[in-house]
Amino acid sequence: DIRGFTAMSEHADPDQLVSELNDYLGAMTDAIHSCGGTIDKFMGDGIMAIFGAPLDQPDHADRACEAAAAMLAALDSCNAQRTQAGRPAFRIGVGIATGTAVVGSIGSQRRLDYTAIGDCVNLASRIERETERLGTPIVVSGDTAAAVTRTQLTARGSVTVRGRAQSTELFAVADADTSVERAA
């Protein structure tokens, strides 16, 4: 999710905004695909990606974290072009949660979408919003932290997110903390 995108779009030329958003989404898609992720959908300036489906990936949690780091690297490149053109830099937040979900074609008889439904999907969306509060661009759930083997994480406390009774341990991808300053 791009920080401040709603405010940015309020005063922007719609054609220019779509062009900038397409450039950004293209770079993020490449980063996600480079780590074996599947783009589920674009939601305005947000992206929902799945790891571990439709094909099993035993290292799906690490792949998701690596994709988030690749997204930050791609963002640095996008922001260099944006600032050169006199446009403000984008800042992003990424939430990653690991768990069981139903993945497949979901919808009605008239329209189906390939998507994922489950608590971990909702949790990823909720903890993405915690990135700004925690001052780090990538936040992962405790279940993701337990599943990674290649990714260095830093504990960032726990939070009870909207819609859940149980609190969730949060972790930041260790090398990503400095990206906040680069993207600001």
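Considered as a group, the residues in the stretch 63-90 that are at pLDDT below 95 and charged (D, E, K, R) include one that is most open to solvent (accessible area, probe 1.4 Å), and that residue is Arg87.
Annotation for the stretch 134-142: no member residue is in contact with a Pro (Cβ under 8 Å, 6 or more places away or on another chain) and open to solvent by less than 20 Å² (accessible area, probe 1.4 Å). Only residues that are outside any helix (DSSP H, G or I) and buried (at least 19 other Cβ atoms within 10 Å of the Cβ) were counted in the stretch 119-133, giving 0.
When Thr154, Thr98, Thr160, Thr115 are checked against the criterion of being polar (S, T, N, Q) and open to solvent by 60 Å² or more (accessible area, probe 1.4 Å), Thr160 stands alone in meeting it. The condition of being under 18 Å from Ser125 (Cα atoms) and open to solvent by 20 Å² or more (accessible area, probe 1.4 Å) holds for only one of His11, His60, His33, that being His60. For Ala116, the conditions (1) without any contact (Cβ under 8 Å) to a residue 60 or more places away in the chain; (2) in a strand (DSSP E or B) are fulfilled apart from (1).
For the stretch 12-45, name all the residues that are within 19 Å of Thr98 (Cβ to Cβ) and not in a helix (DSSP H, G or I). Of everything in the stretch 12-45, those that are within 19 Å of Thr98 (Cβ to Cβ) and not in a helix (DSSP H, G or I) turn out to be Cys35, Gly36, Gly37, Thr38, Ile39, Asp40. Being free of Cβ contacts under 8 Å to residues at least 24 places away in the same chain and either in contact with a strand residue (DSSP E or B) (Cβ under 7 Å, 6 or more places away or on another chain) or farther than 20 Å from Asp143 by Cα (or both) is not true of Gly46. Within the stretch 69-92, residues that are on the phi < 0 side of the Ramachandran plot and free of Cβ contacts under 8 Å to residues at least 40 places away in the same chain reach partners that are open to solvent by 20 Å² or more (accessible area, probe 1.4 Å) and in a helix (DSSP H, G or I) with beta carbons closer than 7 Å, at six or more positions or on different chains, in the pairs Ala70/Ser34.
The values are calculated or read from the model by the stated rules, or taken from the named source; none is laboratory data. Bear in mind that the values here come from a model prediction, so they are computed numbers and not experimental data. Glycine also receives a Cβ, built like all others from the backbone with ideal geometry; neighbour counts cover every protein chain displayed. Accessible surface areas use protein heavy atoms only, side chains included; no ligands, DNA or RNA. Shrake-Rupley method; radii C 1.70, N 1.55, O 1.52, S 1.80 Å.
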